[in-house]
Amino acid sequence: MAKNLNFDKNKRTTPKRSDKQNKTSRLIVPFFIFLAVLFFLGLIAEQYERSMQIKTTYSEFFNMVEQNQQTQYVTSVQLGEGIADVTLQDGKSFSVNIPPEDNELIQVLRKNVPNFIIKPSSVMWLNIVSLLLPVFILGMIIWFAYRGSQAGGNRLFSFGKSKIHQISENNVRVTFKDVAGVEEAQEELSEVIEFLKDPKKFQKLGGKIPKGVLLMGAPGTGKTLLAKAVAGEAGVPFLSISGSDFVEMFVGVGASRVRDLFEQAKKASNVSGHGSIIFIDEIDAVGRQRFAGVGGGHDEREQTLNALLVEMDGFNTQAGIILMAATNRPDVLDPALLRPGRFDRQIVIDRPDLIGREEILKVHVRGIKLNEDVSLNSLARQTPGFTGADLANLVNEAALLAARRDRDSVTMEEMQGSIERVVAGPERKSRVISKEEKIIVAYHESGHALLSMLVPGVDPLHKVSIIPRGTAALGYTLQMPIQDRFIMTKKELTSRLIVFLGGRASEELIFEEVTTGAHNDLEISTRSARRMVCEFGMSDKLGHLTFGHRQQQIFLGRDMLDEKNYSEQTAVLIDQEVRKIIDNCYEQAKKLLTDNIDKLKSLAEALLEKEVMDAGEVRELLGLPAEESVGIDKKRTKIKKPDAAAKTPESFKDKDAPIKQEEKTI
């Protein structure tokens, strides 16, 4: 698995508009906004003018007009339709509502007001304009919002449309050259690529390509990249969407988006003429098993899943549409989704092995300026359990570290530092540690390092340090496995436990006291010993049996349920056997350190002085022979697929990350 070094932005293709249309649209919107502002300013001015006028009733106005022949207070009156505008001698004015066709008022005005005017009726047109103008402005705003939604900028009128990211066949630049470490998965997908390139080759023989391909694997193994590489190899459009994009608060929206997704895929397939690929990432968000218990389930998600099932049954592979999906939770998917006819082919993308990791590193260092001393094979040996994403992060951290040090190229020193940074966290040289605690840490890590060289059958020592790293580690001992391991013997597991307990044994031997620094060692040792008894049948007293049934997330490695299927008496025996294994290993560790007490003290004193020592320096200090290099066969061996009972090699591994297994922290 490897990530593409040249990422393309996922842009949805939309028809281009002419410059003249764009210019017109840009001018129309400000124009109508200007009209709306003028309209509302006019309303405000009218209201202000009315507020400044004198408030007078009709009876007061009539009396004022009757007495005007003596007072001459009213200078002019303008009669309109239902209203009279009055101007007074002091320059003030006011308006008053009058009854229609008031003949008596007209006679009094003729008699007492010399300046008397009747205005023509225009109120009707003003009312019509004042009513239609806001409606017109509101209609224009809605129209522009609708046009914006059609262009993809606003989702007001496309709520049920799928939030898909489409990449045309000309823009999919990821190919299998950008993918490494997943040769088996590439072979499984070769038929899909050939079908997309030449569907008639299969159709003339009556063959049908799988409708769906489900990629399963741990996070970071390259499921999304592999799907994009298939589209790049076949030269077809790539439509990607996340499973969470289907799920909304409103029931029915997700189902509508599913239908729209397949409609867009059919259109893209017709345009390209070579089919298309639909990729649904994290399909477990929408494909989770439907609820059948008491209380009902999630109606929106279940309706979305039902729509997806119907579409997968209904769409025809003659159109060249291939549905690919990725998940790291295949255990929670609905069985109806996994049956033949929907996801016909299920491909497991596992963590890369030694050769795969080396090939992935070669892909990621293409754009990195490397020094001649960098050995990718050595880096691959030091990173068991790393995914492609982890290796990409490792290379990037090394490049950043080299830039920080003003180097012209990335050396092996930066690569080694990047591994330690990813595994244990960044160095914290600023952390203040007392002299007494530093001595304890030095003897603790010396116990681990010395036993890793004395105990046969364990991974060889790579580096020991008493520099704090991360949030909790005050020191660490790093062992480098020679090759990937899938099966371990009882003797090898016991030897590993002896090394784990070397730090606590060293503390007790030197200081005649134990500290809290061995917390992580004891936790890992206890868990490993319990698995030896309960899962691997390595107890002489309990025999070749397993105890307890654990349900766990397959690719995430977390226990969901631990079922106790044994009696209390058996539980007591399990505890006794676990204690027996730990006590025996601890006694062996203590005995080996007692027999080599001088070497332990010499190593601890050297650590206090240098703080960091590699395997060569430790061997030279202790007078031990140099480690013989172990050759590694780079030829990949083809192995037959195991049966269902022997399908999961994870049972022979510790659930912690492999590098973490070798890390002794205090």
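Only the coordinates and a few stated rules stand behind these numbers; no lab work does. The model shown is predicted, which means the values in this text are computed figures rather than measured ones. Cβ placement follows ideal geometry from the backbone for every residue including glycine, while neighbour counts extend to all protein chains displayed.
If you take the beta carbon distance between residue 313 and residue 183 as r and set R0 to 30 Å, what does 1/(1 + (r/R0)^6) give as a FRET efficiency, to the nearest 0.05? Please report the intermediate quantities before stating the final value.
Details: r = 33 Å, r/R0 = 1.08.
Using R0 = 30 Å, I get an efficiency of 0.40.
When only C-alpha pairs under 8 Å and at least 6 residues apart count, what is the relative contact order of segment 377-423, in percent? Don't jump to the answer; show the numbers that get you there.
Details: 24 pairs, mean separation 18.9, N = 47.
Taking the mean separation of contacting Cα pairs over the length of segment 377-423, I get 40 percent.
Counting only Cα atoms, I'd like the Rg/Rh figure for segment 347-396, Kirkwood definition for Rh. It would help to have the intermediate numbers written out before the result.
Details: Rg = 10.7 Å, Rh = 11.1 Å.
Radius of gyration relative to Kirkwood radius: 0.97.
Give the peptides 378-385, 577-584 in descending order of average Cβ contacts within 10 Å, highest first. Show your work: numbers first, answer last.
On the way: 378-385: 21.5, 577-584: 17.0.
So the order, starting with the most tightly packed, is 378-385, 577-584.
Take the Cα coordinates of segment 493-532, assign each an equal point scatterer, and use the Debye formula without solvent to give log10 I(q)/I(0) at q = 0.17, 0.28 Å⁻¹.
So the normalised log intensities are -0.43, -0.91.
Using the Cα centre of segment 336-411 as the reference point, and only Cβ charges (+1 on K/R, -1 on D/E), how large is the resulting charge dipole? Debye, rounded to the nearest 20. Write down the numbers at each step before the final one.
Working: 12 positive and 11 negative charges, 64 e Å.
In debye, rounded to 20, segment 336-411 gives about 300.
Eigenvalues of the Cα gyration tensor times 5, then square-rooted: what semi-axes does that give for segment 362-490, in whole angstrom, largest first?
On the way: eigenvalues 142, 95, 28 Å².
For segment 362-490, the ellipsoid semi-axes come out as 27, 22, 12 Å.
Taking N as the number of residues in segment 171-278, what is its alpha-carbon radius of gyration divided by 2.2 N^0.38 Å?
Working: Rg = 15.2 Å, N = 108, 2.2 N^0.38 = 13.0 Å.
For segment 171-278, the normalised Cα radius of gyration comes out at 1.17.
Kirkwood hydrodynamic radius of segment 569-626 from all distinct Cα pairs, in Å? Intermediate results must be reported in sequence, preceding the final value.
Values: mean 1/r = 0.0719 Å⁻¹.
Final number for the Kirkwood radius of segment 569-626 is 13.9 Å.
What is the diffusion coefficient of segment 454-533 in µm²/s, taking the Kirkwood radius over Cα pairs and the Stokes-Einstein relation at 20 °C with a viscosity of 1.002 mPa s? All intermediate terms of the calculation are to be shown ahead of the outcome.
Working: Rh = 14.1 Å.
Value of D from the Cα-based Kirkwood radius: 152 µm²/s.
Report Rg (one decimal) and Dmax (nearest whole number) for segment 305-411, counting Cα atoms only, units Å.
My reading of the Cα-based Rg and Dmax gives 20.8, 60 Å.
Could you pull out the pairs from 362/610; 435/599; 228/267; 223/491 whose alpha carbons sit more than 26 Å apart here?
Numbers: 362/610 34 Å; 435/599 21 Å; 228/267 19 Å; 223/491 37 Å.
Too far apart for the 26 Å limit: 362/610; 223/491.
Which FRET efficiency value, to the nearest 0.05, is calculated for residue 576 and residue 377 with the Förster distance at 45 angstrom and r the Cβ-Cβ distance? Could the numbers behind the result be given before it?
Details: r = 45 Å, r/R0 = 1.00.
It comes to 0.50.
Tell me, how many Å apart are the Cα centres for segment 475-490 and for segment 510-525?
If we compute the Cα centre of each part, the gap is 21 Å.
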